[in-house]
Amino acid sequence: MIAKHRMVKAPLAIIGIGNPIAGDDGAGIKVVRSLKKVCGDLRGIIFHELTGDLLEMADRIDEAHSFIFCDALRGDIPGEILTIRDSAPHSFSASFHQNDIASVMHTLKALNLTAPFPKWEILGICIAAPAYFSKRLTPPVSRAVIKCTGLLTGRITSVMHRS
């Protein structure tokens, strides 16, 4: 008889999305890196960076009960923070990637890759379209990264207390 090992899901995964050398487009990556510094290696919380194909989520969808995606979104007010829930329609988020994470998550749910499908939301930082390569963020986006890090630190603390 072959024993089957059931993977234990983390209560929460925080996924930073972006290009860390495209200026403000790296905001989501900076949030996750800041959280790693602030929170350290917490058992039960996943921190991950998506810098390429967002369809990588198909391989990660079973890892957590809930996902928070941090990403840069096209917006009129750089540094504004938007929360987009899992009920967002396809292509709701104005992403700079070949796909937006809302469309990817809706597609994965339709494929029935896992049941129950995890809850998810996007914490988006509005930016102007990237026009240059840089590892630096503009001041309003840098302040938004600090604010998002604080917001998510509170969410992580809440999740850890429930576990």
I want to check a number: in the chain, how many lysine pairs have alpha carbons closer than 23 Å, given a sequence separation of 8 or more or different chains? 15
What residues have an amide H closer than 5 Å to that of D100, excluding those fewer than 5 places away on the same chain, when H is modeled at 1.01 Å from N in the peptide plane? none
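Placing unit charges on C-beta atoms (Lys and Arg positive, Asp and Glu negative, everything else neutral), compute the dipole magnitude of the chain about its Cα centre in debye, rounded to 20.
Working: 19 positive and 15 negative charges, 130 e Å.
It works out to roughly 620 debye.
Please return the longest stretch of the chain lacking exposed loop sites, where chymotrypsin sites (Phe, Trp or Tyr not before Pro) count only if DSSP places them in a loop and at most 11 other Cβ atoms lie within 10 Å. Write down the numbers at each step before the final one.
On the way: sites that count: Y132, F133.
Longest site-free region, per DSSP loop and neighbour criteria: 1-131.
Starting from the alpha-carbon convex hull of segment 26-136, give the projected area averaged over all orientations, in nm².
Values: hull surface 29.7 nm².
Quarter of the Cα hull surface area: 7.4 nm².
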Ascending count of other beta-carbon atoms within 10 Å, so fewest first, for M7, M57: M7, M57
May I ask you to evaluate 6.51 cos²θ - 1.76 cosθ + 1.60, the Karplus curve with θ = phi - 60°, for each residue of segment 58-69 and list the ³J(HN,Hα) values in order in whole Hz, giving x for glycine and proline? 4, 7, 10, 4, 8, 7, 8, 7, 8, 10, 10, 9
Projecting the Cα atoms of A10, I84, I61 onto the charge dipole of the chain, where Lys and Arg contribute +1 and Asp and Glu -1 at Cβ, the residue farthest towards the positive end is A10
Counting only DSSP beta bridges with both residues in segment 12-162, tell me the antiparallel percent, nearest 5. 20
What are the residues whose amide H is under 5 Å from the amide H of I46, where those residues sit 5 or more places off or on another chain and H is modelled from the backbone? L12, A13, I14
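Among D25, D59, what is the fewest-to-most ranking by other Cβ atoms within 10 Å? Mind dumping the intermediate values first?
Numbers: D25 25, D59 9.
Arranged by neighbour count, lowest to highest, D25, D59 become D59, D25.
Taking the mean number of other Cβ atoms within 10 Å as a proxy for protection, how do you rank 33-39, 112-118 from highest to lowest? Before the final figure, lay out the partial values.
Details: 33-39: 15.9, 112-118: 12.0.
Highest mean packing first, the order is 33-39, 112-118.
A short reminder: the numbers here are calculations on the coordinates, not readings from a lab. Quick caveat, the model's predicted, so the values are computed rather than measured. Note that each Cβ is placed from the backbone with ideal geometry, even for glycine, and that neighbours are counted across all protein chains shown.
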